[in-house]
């Protein structure tokens, strides 16, 4: 349990507070006036609680745990409905007496329309967490309070309630908001699982040890595999909006048919699933299905001291954990990255000069250009190579979780936390290297705390009053222009100059001259063999492709092609997925002319002819040559049938 530290100012929410004060004025509220502090009578309150029964039921355990973290600190925990009416409260007796004077009690309404700017009402109005401290409250009667509130949303993203910690403004503590937000997230997860009981529910995360904790993503599907919904962390990891996800299935999102999922859980001792999401990110998962009398579930118990977690099970084309480890060893140092490209050679020469010199390195480059691979190689070749290499993707962790992910937390620091707490990623990197990927996406509110850690070399876990010394080398990466983000107020200038030692930029794949060498290396790693080759005409197509996803796209493409090729060992066009062939066929300048097949010769087009017209003419002539047979035309042009169907309405 933490002890509060007095402070005269809460974290800056100036813009939100100012807007809220304007709304309060528009409601006709007077800051000096005494408001009607009436509350619902017993029977009315009971009816309201019954109407919010699911919220109330799942919130109470979280409130109890949260209260244990703030007990004897002149604070109280409150739960409200979607309109800001307090349903339940827990608090210290000495503070409850003060709270009752302003009707901070069950049955009282704390919307902005009733109380002006306050954490509960402002959280509802803004649909985001709100911290209102002392005289930031609109009503003078509430200036003695400091309040931290987080909205609780349902599976559609609608606010169904608010969790709040309110206390004497002299007892303000910087960790309170984080505890409130995490507890609210735990309530949301409980509500989510209660809503989708008769469904396939997947619990997933990029790190297997976080499955079953607050950090996990949760997604539910019909027994046939159609997407139903996902919790907040799940939506964040999937990287798609709720509306966009409605068109997806379990297979399209995680690369595994539902039938294979059922087969997996029919085995004697199913381990964790190893899945590849639609965006190329690999995650571990466990699934549950409860449907009438038919159900399966696999709950992986946390490993006991000295034990290892169950080994994940690879599905479909997913490489095994051992395979991945072997791949990492094969590309373990900077010399293995030398593939003949002059731009990359210059980057490697620069970073080699600063190894072990305590100079921070920042790696720039588009998404998928291999920034983490370079960071791992820098670490392995540095004097810290025997220490841990801890990567943190600042863009893939929800803002509500990144603080605990980075700094760790004490025993019971928030609802759903592990009993023994958790060591944050910064402390995990002690004696080694901390790789902060997508640093430009780090929440602004945490940047000051990271800067302090880097300067003082001390870390204070969430819920703790003790600072722990830490010795780490920092490598950062981003695809943003950080100077632009500084100008927009999204990135701290002082942190930028603390991290801005040696800056190197990785070239995108389309600008590199070593494509053939890179392809050979990827194939050797993914197939664990030297038998696979790429047909010459396929290499030519690779060379003229723009590769918007860079090495991540190329690696996933070759991984799939290896599986499709099987025992043929030469990768050609027929082993390529349709979407890649579509991109090639519609490229500008056109790669489609290189697609082999029995396409008719294209007659010279008049000068100034549009590329689109040339393409339509080619499709039309090929259709005519094959008697209108779309399948034959697609084969002749080396594209998918969907491409032909999509173009047909535009043919003359």
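Since every read-out is calculated from the coordinates, none of them should be taken as a lab result. Everything quoted here is computed from the prediction, not taken from an experiment. Note that each Cβ is placed from the backbone with ideal geometry, even for glycine, and that neighbours are counted across all protein chains shown.
Computed across the stretch 331-507, the Kirkwood radius stands at 16.8 Å (inverse of mean 1/r, all Cα pairs). The value given for the stretch 446-532 is a Kirkwood hydrodynamic radius of 17.0 Å, derived from the mean inverse Cα-Cα separation. The mean of 1/r over all distinct Cα pairs in the stretch 14-180, once inverted, gives the Kirkwood hydrodynamic radius of 15.6 Å.
For the stretch 144-287, the alpha carbon convex hull comes to 119 Å³ per residue, rounded to a whole number.
Normalising by residue count, the stretch 43-104 has a Cα convex hull of 86 Å³ per residue. Neighbour counts of other Cβ atoms within 10 Å put 637, 235 in the fewest-to-most order 235, 637. Ratio of Rg to Rh for the stretch 505-594: 0.94 [Cα atoms; Kirkwood radius as inverse mean 1/r over pairs]. For the stretch 175-228, the spread of Cα positions along the three principal axes, ordered from largest to smallest, is 43, 24, 13 Å. When each of the peptides 255-266, 116-127 is scored by how many other beta carbons lie within 10 Å of its residues on average, the order from highest to lowest is 116-127, 255-266.
Using bins of 5 Å that start at zero, the share of Cα-Cα pairs per bin across the stretch 336-392 amounts to 4, 16, 30, 29, 15, 6, 0, in whole %. Both radii are taken from the alpha-carbon atoms of the stretch 137-205; with Rh as the Kirkwood radius, Rg/Rh is 1.13.
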